[in-house]
Amino acid sequence: MKTKTIGLALLLSIAAGAMCFAGNPTMGTWKLNESKSTFGDGAGKSTMVVWEKAGKQQKCTVEGTDADGKKTHSVWTGKLNGKDFPITGDAQSDTRSFKVNGENTLDMVSKKDGKIVGEGTIVVASDKKTRTVKSTITNAKGAKVTSTLFYDKS
């Protein structure tokens, strides 16, 4: 009986660990496939995105260029629970939230001073090799623009 109890506890621990890791389909390093992507007027380009564990939270580091071609670097650390967490290095927003929506999708909302300035979805393909990010942001001119970015896992 003791052996069965230990075996069951071990199995549940492994399953729980797998579920925690599986909760974020975007884990890993993603490179922008610029030839497939479309960029809204005044939108920057996120050329490299890295998702990783940071203790009990997730960390998303983004390298890219802004609408003027200047290099950008932003970092978000938080939970995928739909609540706002600070983002550093993003001139357009100061908080961002991510929420798991199904097995392969994250919903995101960006805010500046508490006001929504961007929304979008990240959908990872079932083979986990590509992802699509559709987002709408308010550009520097105050107009809403939509971009569709395609990424390949590296």
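The values are calculated or read from the model by the stated rules, or taken from the named source; none is laboratory data. As the structure is a prediction and not an experimental result, all values here were calculated from the model. Ideal geometry is used to build each Cβ from the backbone, glycine not excepted, and the neighbour counts take in all protein chains shown. The protein model used for the area step is the full one, side chains on, heavy atoms only, and it has no ligands, DNA or RNA in it. Shrake-Rupley method; radii C 1.70, N 1.55, O 1.52, S 1.80 Å.
Assessment of segment 3-10 against the conditions (surrounded by 11 or more Cβ atoms within 10 Å (Cβ to Cβ), farther than 19 Å from Val124 by Cα and modelled with pLDDT under 95) yields no matching residue.
Restricted to segment 53-80, and to residues there that are within 21 Å of Thr121 (Cβ to Cβ) and touching a residue at least 40 places away in the same chain (Cβ under 8 Å), the residue that is most open to solvent (accessible area, probe 1.4 Å) is Leu80. For Asp107, state whether it is surrounded by fewer than 17 Cβ atoms within 10 Å (Cβ to Cβ), in contact with a Phe, Trp or Tyr (Cβ under 9 Å, 6 or more places away or on another chain) and of a type in the set (Asp, Glu). In short, yes.
If I ask for residues that are of a type in the set (Lys, Arg), modelled with pLDDT of 95 or more and under 15 Å from Lys134 (Cα atoms), which ones from segment 35-71 would you list? Within segment 35-71, just Lys36 meets the criteria. Set side by side, the residues Leu149, Leu80 differ, and just one is more than 18 Å from Glu34 (Cα to Cα), hydrophobic (A, V, I, L, M, F, W, C) and modelled with pLDDT of 95 or more, which is Leu80. If you go through segment 11-34 and keep only what is open to solvent by 40 Å² or more (accessible area, probe 1.4 Å) and modelled with pLDDT of 95 or more, you end up with Thr29, Lys31, Glu34. Of the set (1) open to solvent by less than 60 Å² (accessible area, probe 1.4 Å); (2) closer than 18 Å to Asp84 by Cα, all apply to Glu119 but (1).
Out of segment 86-96, which residues are polar (S, T, N, Q), under 14 Å from Ile116 (Cβ atoms) and either without any contact (Cβ under 8 Å) to a residue 24 or more places away in the chain or outside any loop (DSSP other than H, G, I, E, B) (or both)? Residue satisfying the conditions is Thr95 alone. Candidates Lys134, Lys99, Lys83: the one that is on the phi < 0 side of the Ramachandran plot, open to solvent by 80 Å² or more (accessible area, probe 1.4 Å) and not in a strand (DSSP E or B) is Lys83.
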